[in-house]
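Okay, structure first, notes after.
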Amino acid sequence: MALAERLSNLGTETAFAVSLAAADWASKGNRVYPFHLGDINLATPANIAVAMNQAIAEGKTGYCAAAGITPLREALAHDVGTRRGLTYSAANVVVQPGGKPVIGKFIQTVMNPGDGVLYPNPGYPIYESMIEYYGGRSLAYRYVQTDTGFAIDLDHLRGQLAAANGRVAAIIYNNLQNPLGCESTPEEMQAIADIAIEHDLIVLADEAYFEMRYSGESTSIASLPGMFERTVILYTFSKKFAMTGWRLGAAVGPVAIAESIAKLNTNDESCTTHFVQAAGVEGITGSQEGPLAILAELQRRRDAAWSELAQIDGLVCPKPESTFYLFPKVTDLMTRMGYEEVGAFATAALHNTGVSFCTRKHFGRPQPGEQDHYVRFAYSGLSVDDIHEGLTGLRAWVDS
Ligand SMILES: Cc1ncc(COP(=O)(O)O)c(C=O)c1O
């Protein structure tokens, strides 16, 4: 059977292959510590679940508007705007079944085949996949390690722009960043905004982790001068409200783009599940005790995971103030242990300790010239006790 040729350009989240390997190891009776998946093993706040059941009881079980129900669009316009010092209306908001669909729909809306799109690499792998699937040219920009974490390599980014043949339509900017856990300085964010304005780029501001931070305040690139009218924000309920499986998110940006994305909704899924949207209104406007408790628990997990990893000789681990990822450099550790290939190191860690994690290659195609090895630990799916237990075992193994 011959399948469509364009499928050869479609990527995936190869991290799911790590899940398969972990599940296989667990099925043989082994204990697995799942640091590979960015899922949250905490319950969605009860008031949201109650609101969903109520909505079902009220019969909110049919089709609804493709762009989303008005109460949710209005609540999001207010909430997303207030937190960023911006004024949005419901017309700027188009509801989605999760944050992820915003990526493909944004690209279909702003990019013609052959156009370039800049995107972070290492980064969320769906950017690269969607750009290439829709016939664009994926222009990766990279990061450099700093004393405290990671920073965008602005020279490299400008070089990618200069070398790009033809039109560059957009830049994808993920602040706070998965998998690196890093955050732009004000100067870095301004530099991205300046580049976007100078080259007339539309920006996808992936702000999935905007409120997932343990100290300080998040800033949106949409709030910088000249950026409101060229920025689409990716918003998701997945992280803040521990609603990964509910599938609820939104694109927030210029009305023309929101309308185009709503038309894509009509063609793709018709609408996001009505009663899930009603629950989302409760999430935004109801008690905020649930999300605060989730964040406090994630901070305890961050502290537990970081304190264990920081003790490993040959592993360099920044301590992020946001997201729920740690992205240590393991080059020296691998050398010390005699591993040349990071995948082999990850497999050996799984088989010797049950600790399962992703490696750099799960976050976009590795770029020429990369010499160091990195891995990613997601600590959102394990209790503090399990984090200590798993990583104590990892430490014992690397020191044995
Ligand atoms: C950077 C980033 N963007 C978008 C998403 C998509 O989130 P959702 O689960 O809402 O589709 C994720 C999920 O992990 C992410 O890490």
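The values are calculated or read from the model by the stated rules, or taken from the named source; none is laboratory data. All of these numbers come straight from a predicted model, not from anything done at the bench. Virtual Cβ from ideal backbone geometry, glycine too; neighbours counted across all protein chains shown. Only protein heavy atoms, including side chains, enter the accessible area calculation; ligands, DNA and RNA are left aside. Shrake-Rupley method; radii C 1.70, N 1.55, O 1.52, S 1.80 Å.
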With the Cα gyration tensor of region 219-271 in hand, convert its eigenvalues to equivalent ellipsoid semi-axes via √(5λ) and list them largest first in whole Å.
22, 19, 4
May I ask you to work out the translational diffusion coefficient for region 179-263 at 37 °C, viscosity 0.692 mPa s, via Stokes-Einstein with Rh from the Kirkwood sum over Cα pairs, reported in whole µm²/s?
233
If each residue of separation counts as 0.36 nm, what is the full-extension length gain between ALA296 and ASP155 once their alpha-carbon separation is subtracted?
47.0 nm
A student asked for the Cα radius of gyration and Dmax of region 1-93 in angstrom ought to give 20.9, 54
Accessible area of region 27-131 divided out per residue, in Å², using a probe of 1.4 angstrom:
39
With every protein chain present, what is the per residue accessible area of region 248-400 (1.4 Å probe, Å²)?
40
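For region 57-193, compute the orientation-averaged projected area of the C-alpha convex hull (one quarter of its surface), in nm².
10.6
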Provide, for the chain, the number of lysine pairs with alpha carbons under 25 Å apart, each pair being eight or more places apart or on different chains.
18
Within region 343-364, list the residues whose amide N lies under 19 Å from a label point set 7 Å along Cα→Cβ of ALA17.
343-351, 356-364
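Between Rg and the Kirkwood Rh of the chain, both from Cα atoms, what is the Rg to Rh ratio?
0.96
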For region 268-400, what mean projected area does the convex hull of the alpha carbons give, in nm²?
11.3
How large, in percent, is the carbon and sulfur part of the accessible surface of the chain at a probe radius of 1.4 Å?
53
